[in-house]
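Each remark here refers to the structure printed beneath this line.
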Amino acid sequence: MDILRYARDLGLRHPSETDVVTRLHDACAELEVEHACFASKVPGNDTLVGFATYSEQWRKHYLDKEFHLIDPTLQKMMHAMGPVDWERLRHFEGYDPVFREANDFQIPDIGMSIPIRGPFGERSVLTLATRSTPQLWKAQKRNIMQQVQQIAARIHDEVMLSGQIMLSLDLPSLSTREIEILQWIAAGKAQQDVADILNISNRTVEVHLRSVRSKLGAVTTAQAVARAIGMQLIYPL
């Protein structure tokens with residue numbers, strides 16, 4: 001199926017750069033952080049597609065210095081398995097030169113990066129930067145983590161269906177049981193609750209969720225739920 005037809009079938013329009021940046025600003029307001037950046041790389045294409053709420057001056061400086069080639073919040077996270085706080089990236093080569101100069105542009109050095117794996121092999125990273133204190137940020141992360149992953153998956157899918165990336169794709173196919181389990185998870189049920197409702201073991205639920213995450217290219221179940229809703233495989237409640 002052509003990706004543009006797929007987008008139309010889902011009722012999605014093709015977002016421009018302005019649309020995506022507006023979406024990032026909305027995410028910042030929703031998550032109570034100062035900045036957000038989204039970058040994506042498609043298999044077989046080394047071109048990096050990026051959007052950010054940062055100032056034009058910092059974005060130009062970042063690209064002129066080719067920081068995208070060494071920035072660990074981007075390069076190391078493109079293949080990570082889950083969200084990572086920037087504190088854990090400080091020892092990587094590239095961190096010091098990037099953040100030393102970012103400080104001159106009033107860019108916070110507290111934040112996290114969220115990797116997103118698409119159902120068709122594409123990889124993206126959503127980064128969030130905050131001027132919060134380390135102590136407040138630690139508590140804030142716990143409160144917004146599931147929400148962050150859902151937002152990350154949604155932005156990723158919107159960009160992938162934007163017309164900037166032209167691929168021939170096949171929709172992932174979930175089994176009836178997988179859809180049933182994911183629908184209950186979307187309704188806010190815990191894994192054990194789903195097992196009780198369906199009269200199956202907790203382990204069986206986990207096996208199905210693992211399969212769903214693999215089929216949808218999701219790092220977490222929260223991302224799988226967001227992606228399945230976007231594909232209209234399940235429905236928000």
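What follows draws every value from the coordinates through simple rules; no lab data is involved. Predicted model only: the values in this text are computed from it and were never measured. Counting neighbours? That spans all protein chains shown, and the Cβs are built from the backbone with ideal geometry, glycine included.
Can you pull the one-decimal nm distance between simple spin-label points at residue 22 and residue 203, each 7 Å off the Cα toward Cβ?
Simple spin-label model gives 5.1 nm for this pair.
Going down the table (41/65; 41/189; 60/141; 76/138; 60/138), which pairs top 27 Å between alpha carbons?
41/189; 60/141; 60/138
List the chymotrypsin sites (Phe, Trp or Tyr not before Pro) in region 33-134 that DSSP assigns to loop (not H, G, I, E or B) and whose Cβ has at most 13 other Cβ atoms within 10 Å. Which are they?
105
So how far, in whole Å, is the C-alpha centre of region 197-237 from the one of region 42-102?
Computed from Cα coordinates, the inter-centre distance equals 30 Å.
Taking the number of other C-beta atoms within 10 Å as the exposure measure, put 231, 81 in order starting with the fewest.
Taking fewest neighbouring Cβ atoms as first place, the list is 81, 231.
Suppose each label sits 7 Å from its Cα in the direction of the beta carbon; what would the residue 57-residue 103 distance come out to in nanometres?
Simple spin-label model gives 1.8 nm for this pair.
Where in region 85-122 does the amide nitrogen come within less than 15 Å of the point 7 Å from the Cα of residue 64, taken along Cα to Cβ?
From region 85-122, the list is 101-102, 104-105.
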